[in-house]
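Structure first, commentary second.
Read-outs throughout are calculated quantities, based only on the coordinates presented, and are distinct from any laboratory measurement. The shown structure was predicted, so the numbers you read here are calculated from the model rather than taken from an experiment. Here the Cβ is made from the backbone with ideal geometry for all residues, glycine too, and neighbour counts use every protein chain on show.
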Amino acid sequence: MKIKFGTSGWRAIIADEFTFENLTLVLKAILRYLREENLNSLVIGRDTRFLGEEFSKLAAQFFATNGVQVFLCERDAPTPVISYEIRRRKAGGGINFTASHNPPDYQGLKFSTADGAPALPEITKKFEQYFDEIYSAYKQNPTPEKLEPFETLVAEKKIEIINPNEPYLQRVAEIVDTSVIKESGIKVVYDAMYGTARDYTDKFLRNLGVDVETLHGHRDVYFGGRAPEPSEERIPELIERVKARGAKGEFVIGIANDGDADRYAVVDSTGTYLQANQLLAILFHYAIKHKPEWKGCVVRTLATTHLIDAIAKKENIKLYDVPVGFKYIGEIMMREDMIVGGEESNGLSVYQHIPEKDGVLACLLFVEITARTKEPLSAYLKRLYAEYGAFYTVRENLRLTDEKKNALLTKLQTDAPKHIAGKEVTTLDKRDGVKMICADGSWLLVRFSGTEPVVRFYAESSSEMQTKDILSFAKSLI
């Protein structure tokens, strides 16, 4: 057996590959890394998935038995909250049991380093290597792990049960302009998607006196029978509710978080679901105009809209274009100031915040933007297009057999197309999949997911029709 840490940790199906036995071996690999780096404390948390309590309790017992101080979240907690808590406590790192937006039958383990950022590939490759060695030895001599009783470890303070809610919300209040929201009279419909952000996103707003209607605000390990991903097709109740209230003339916005709250979704008062690409550009522009204390660069992944580039160029702001995975954005955040950093898969962070995706903060910032501008975000986007040019982006995931997948990969790596939908390709980027950029600025990216058995096509151009043509061309390559 082998494990694979993708763009955001190790994910596998519960009771298939993600078992207590295999988890213990992964924990041993992580312990070996901690000892090599002389790190002796961890924050451990979980999302709302099945067996989350048991997996996190086992991890706490394992590390505390082996001399690592453990701070264990008393209930499920958002990924960004765990990241913030790692930094606040100056812990050696953190483990979060989450499969993020994956379907309910998945569980996952995400390791964050002492700075609160997702572990970079050089670290997760060590985990994989150590696991291989430990697994081989275990199969030859499968000795059960002897752990001290959980209650004993808690009594001896080797495991400390923590509630990270208030410290995190206090930090968010330093970033979000609470007075603008308080005075606006805005109303919010919030879809917690049965996940960890209930009593975080909605609680923050209610503390400001905002009228909040919460949907799916309780734990459900099945997430209502669908993956807890805040995509347009998975939040129909939120869209309909906002549309209905907006039609009555209410000053309303809809927001949502995925299962572990590192991602977000926004629906404006017209019932329009805005893509993460569009929202990221709106936030970047808004920060330039209304948050002058936010200084530095802007960072986007190579799969993210070039509208960010257009704004950065006109506003004379340094831009970084990094591979897919928020860890690469976090890496830049830790070495220089960043106004906004984000990716098209609904993840972002901002100036002097955690180097991790924060869906709770993202939702609250878009409430702030709407509260200040008194207009739907779709109207804000139109103004951006008028000033910086139009950018229409699509993404489509396709499941392919291994044979077709390997054939496509070989073709793109060895003989990438010279033209896309009639446009000449002038730049090839092979850092993560293959990105083909045309002379007119339109582009196509083909990449293979690190966490799911899918091929992703990303396309962008200045018109909806041309973007559709690029996507059709991409499918013809299979």
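Here are some notes:
- When you restrict to C-alpha pairs under 8 Å that are six or more residues apart and normalise by the size of the chain, the relative contact order lands at 13 percent.
- When each of Lys357/Lys418; Lys314/Lys475; Lys4/Lys435; Lys291/Lys357; Lys139/Lys430 is checked by Cα-Cα distance, pairs over 28 Å: Lys357/Lys418; Lys314/Lys475; Lys139/Lys430
- When peptides 193-204, 45-56 are ranked by their average number of other Cβ atoms within 10 Å per residue, the highest-first order is 193-204, 45-56.
- Each peptide in 91-100, 410-419 was scored by the mean count of other Cβ atoms within 10 Å over its residues; highest first, the order is 91-100, 410-419.
- Cα extents of region 1-117 along the three principal axes, largest first (Å): 33, 28, 25
- Efficiency of FRET from Cβ geometry, Ala247 and Lys318, R₀ 60 Å, rounded to 0.05: 0.90
- For Lys248, the lysines whose Cα comes closer than 23 Å to its Cα, not counting residues fewer than 8 places off in the same chain, are Lys182, Lys187, Lys374.
- Charging the Cβ of each Asp and Glu at -1 and of each Lys and Arg at +1, and nothing else, the dipole of the chain about its Cα centre rounds to 600 debye.
- Förster radius 22 Å - calculated FRET efficiency between Thr143 and Met1 (Cβ-Cβ, nearest 0.05): 0.80
- Cα-based values for region 331-478, radius of gyration first and Dmax second, are 17.9, 52 Å.
- Under 20 Å from Lys295, Cα to Cα: aspartates and glutamates that are on another chain or at least 8 residues apart: Glu174, Asp177, Asp309, Glu315, Asp321, Glu331, Glu336, Asp337, Glu343, Glu356, Asp358, Glu368
- Within the chain, helix-based [θ] at 222 nm, where runs of 4 or more DSSP H residues each add -39,500 (n - 2.57), nearest 500: -12000 deg cm²/dmol
- Rg over Rh for region 167-388 works out to 0.94, using Cα positions for both radii and the Kirkwood form for Rh.
- The peptide list 384-390, 300-306, put in order of mean Cβ contacts within 10 Å with the highest first, becomes 300-306, 384-390.
- Cβ-based charge dipole, region 1-156, positive-most Cα from Phe50, Asn38, Pro78: Asn38
- The alpha carbons of region 392-476 occupy a box of 33, 24, 21 Å along the principal axes, longest dimension given first.
- Whole-Å semi-axes of the ellipsoid equivalent to region 92-145 (Cα gyration tensor, √5λ, descending): 24, 17, 11
- Prolate/oblate/rounded call for region 109-227, Cα gyration tensor, a/c under 1.5 rounded: prolate
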